[in-house]
Structure formats: C-alpha cells, structure tokens
Amino acid sequence: MSMENNLWQHILRVRNTSPLVHNITNYVVMNNTANSLLAIGASPIMAHAQSEVEDMVNISHSLVINIGTLDEYWEDAMLLAAKKANELQKPWVLDPVGAGATPYRDKAISSLLSLNPTVIRGNASEIIAIAKANKTVTKGVDSTAMSSEAVEAAKSLTEIHNSVICISGETDIVISKDQIICLKNGHPMMTKVTGLGCTASAIIGAFLGVTENKTEAVVSAMSLLSIAGELAAEKSTGPGSLQVNIIDKLYNMTQDEFSTHLKLSDHAS
Ligand SMILES: Nc1ncnc2c1ncn2[C@@H]1O[C@H](COP(=O)(O)OP(=O)(O)OP(=O)(O)O)[C@@H](O)[C@H]1O
Ligand SMILES: Cc1ncsc1CCO
Ligand SMILES: [Mg+2]
C-alpha cells in the first residue's frame, strides 16, 4: 500500500487510541501545544520536575523535548527523561529551538543528541546549526543554497544518530536513511503564529506513540498540521484567528479534505 493511504490510517489511530504524550516544552507554547494535542485526539501532559519525569516517561507513549526556554534545571530533567525513554525503548522527539543562537543552547543540544533522539524536528537554520556545532558537516555551502545545505546536514545527522530528521518550512522535508519525502502544504501566515514548529514536534510525538514506521509517523504529523494551517488560513483574517482556526481544523479535518489537499513527493536518498 502506498504511503498516502497509510497516513490517514495513522491519523485515525491517534484519534481512536489517544496516546499519552509527555512534553518537556517551553513556557511560550505549553497551552497551545496541549490544545493541539487534544484536538488531534492525543492526551497531553506537561511535566518537568526531576522527581517525576522518569515515572512520567514510564506511563507515556512518547516524549517530546523542546529547549525553547531552557535552563540548567530543565536541562537535567530533559536528560533524565530521554535516558529513561531509551531504556524503555520509547520514542522521543528533540525540538532544538534556537540552535546556533548561543553556546549554552548548542551545548545542551549536544548532550541530548548524544542520546540519539528518535526524531529531530527544526527549521532549516536550526538543522544546519546542529550539524555544524557537532561537526558532522565538514565543508561550508553557499548560503543561497539554504535548503540543500539543510538536507546535507540532515543526512549527516541521520547517519550518525539513526534519527529521522524533519526540516520544516515552506516545504517540509522528512529525511531518513533511505528516503527523502517533501511536503508542500502549509501557509506563509503560519510563521506569524508563535510556536507552530513546537506544535509540529508535539504532534510528531503523538504519531510516534501509535505508529511503528517512524518516517510515516513524521509525515502524518507534518501533513496533518500543514493542511490544517492551509485550510484554516482561508478563513482567518490574521495570525490571531489562524491560531484558533488551526486547532479547530486539527479537530475536524475530514479524509476528503486531507486527501484532496495533500502535496507529497517521495525520493530515494
Ligand atoms: N513559508 C511557509 N509556507 C507554508 N507553510 C509554512 C511556511 N513556513 C512554515 N510553514 C509551516 O509552519 C509549520 C511550522 O514550521 P516552522 O518551520 O515555521 O517552524 P519553526 O520555525 O520551528 O517555528 P517556531 O519556532 O515558531 O515553533 C509547519 O507545518 C510548516 O509546514
Ligand atoms: C518565542 C519563543 N521563545 C522561546 S521559545 C519560543 C516559542 C517558539 O519556539
Ligand atoms: Mg522552532
């Protein structure tokens, strides 16, 4: 069966099985992320106390780590949680918000990267920054070739950490060892709502909780959010209503809306 046919089945599985997604995420997006997870049918829990993160991982289907408003206490909680997820063979997502912005962020990302996240989702500049900071890319590339540079960076991260990488943006690119999948859905107004990338990472966590095929989990998540953004933008007058309308569309998207809007292409890597 083609991947397109499987994606809607994964969306239904999230709606029908309500995976519990443990989020250690930033202060800016906590509420919106929890509402987006509820809208797709998942069950969110936000928790970062060092005393409970391992127990929370134990009862969750997946873990999402987002370093948006990081500090030293949270960093230790993130490392504890990721180690526990690995020990229990549960999937976890790393969202490296602001990679490359400060040496502290890059150091924290390196520690988390050494635990081999199941999936890493960032925008092109974050994926390039991670690869550079961890010296997985040896030669610089023309800055005008931003997306191809990000794809090269992602390929090196996939090789070293065995992670599926998602580069989000105008085109979302999902890179695994043997496949590159491009999704051309979404709307430019989505960049004017804070934290939709964080929402994307959390939704990826939900799909990883119900789907063995990691690449398909990531593609399901990104296509669901991007198509929701595209449809919501049609009836939004600006970013404020878009933020609310996306949550509604995540909740009430039909199979017909999904399949008629999906713009997916698949290449061997
Ligand atoms: N120019 C664009 N056109 C269409 N869709 C877009 C565009 N830019 C981003 N998107 C969509 O917005 C969503 C979030 O991706 P984005 O790359 O903006 O994340 P981000 O940079 O990490 O955001 P944040 O840090 O605010 O969370 C994805 O679903 C993506 O497809
Ligand atoms: C604006 C902002 N600052 C830290 S995290 C965050 C949300 C987008 O990632
Ligand atoms: Mg981001």
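The values are calculated or read from the model by the stated rules, or taken from the named source; none is laboratory data. Because the structure is a prediction, the values reported are computed rather than measured. Positions of Cβ are generated from backbone atoms using ideal geometry, with glycine treated the same way; all protein chains shown enter the neighbour counts. To get the accessible areas, we keep the full protein, side chains included, count just its heavy atoms, and leave off ligands, DNA and RNA. Shrake-Rupley method; radii C 1.70, N 1.55, O 1.52, S 1.80 Å.
So how far, in whole Å, is the C-alpha centre of region 32-94 from the one of region 151-189? Comparing the Cα centres of region 32-94 and region 151-189, I get a distance of 22 Å. Averaged per residue, region 1-129 has 40 square angstrom of accessible surface, using a 1.4 angstrom probe with ligands and nucleic acids left out.
What are the aspartates and glutamates whose alpha-carbon lies under 15 Å from the alpha-carbon of LYS249, with same-chain residues fewer than 8 places away excluded? Hits, sequence-local ones excluded: GLU230, GLU234, GLU257. Our coupling estimate for region 220-234, obtained by passing each phi through the Karplus curve with A = 6.51, B = -1.76, C = 1.60 and θ = phi - 60°, is 4, 4, 5, 5, 4, 5, 5, 5, 4, x, 5, 5, 5, 5, 4 Hz, Gly and Pro reported as x.
Among the listed pairs LYS214/LYS263; LYS155/LYS192; LYS83/LYS184, those with a Cα-Cα distance over 25 Å are LYS155/LYS192; LYS83/LYS184.
Under a Gaussian network description of the chain, with springs only between Cα atoms under 10 Å, the residue in ASP71, ASP106, ASP95 that fluctuates furthest is ASP71. Computed over neighbours whose Cβ is under 10 Å from that of ALA133, the net charge equals +3, Lys and Arg +1, Asp and Glu -1. Ordered from longest to shortest, the equivalent ellipsoid semi-axes for the chain are 25, 22, 18 Å, each the square root of 5 times a Cα gyration tensor eigenvalue. The Cβ shell under 11 Å around LEU115 holds other residues with a net charge of +1, Lys and Arg each +1, Asp and Glu each -1. Of all aspartates and glutamates in the structure, those lying under 17 Å Cα to Cα from LYS90, and not within fewer than 8 positions of it along the same chain, are GLU52, GLU54, ASP55, GLU212, GLU216. In straight Cα distance, which aspartates and glutamates are under 16 Å from LYS107, not counting same-chain residues fewer than 8 positions off? Straight-distance partners of LYS107: ASP71, GLU72, GLU75, ASP76, ASP95, GLU126.
Computed from backbone phi with θ = phi - 60° and the Karplus coefficients 6.51, -1.76 and 1.60, the 3J(HN,Hα) list for region 148-164 is 6, 5, 5, 5, 4, 4, 5, 4, 5, 5, 4, 4, 6, 9, 6, 9, 7 Hz; x is used for glycine and proline. If the chain linking SER148 and LYS184 were pulled fully straight, counting 0.36 nm for each residue of separation and taking away their Cα-Cα distance, it would gain 11.4 nm. Per-peptide packing, taken as the mean over residues of other Cβ atoms within 10 Å, places 157-164, 125-132 in the sequence 125-132, 157-164 from highest down.
Helices in the chain, meaning DSSP H runs of at least 4 residues, each add -39500 (n - 2.57). Divided by all residues, the mean residue ellipticity at 222 nm is -16500 deg cm²/dmol.
Across the accessible surface of the chain, with the other protein chains kept in place and a 1.4 Å probe, carbon and sulfur atoms take up 51 percent.
Could you report region 153-236's accessible area per residue, 1.4 Å probe, as an integer in Å²?
Accessible surface, normalised per residue, equals 33 Å².
Could you check how many percent of all C-alpha pairs in region 185-269 are farther apart than 21 Å? Counting every Cα pair in region 185-269, those more than 21 Å apart make up 29 percent. A protection proxy built from the mean count of other Cβ atoms within 10 Å ranks the segments 79-86, 232-239, most packed first, as 79-86, 232-239.
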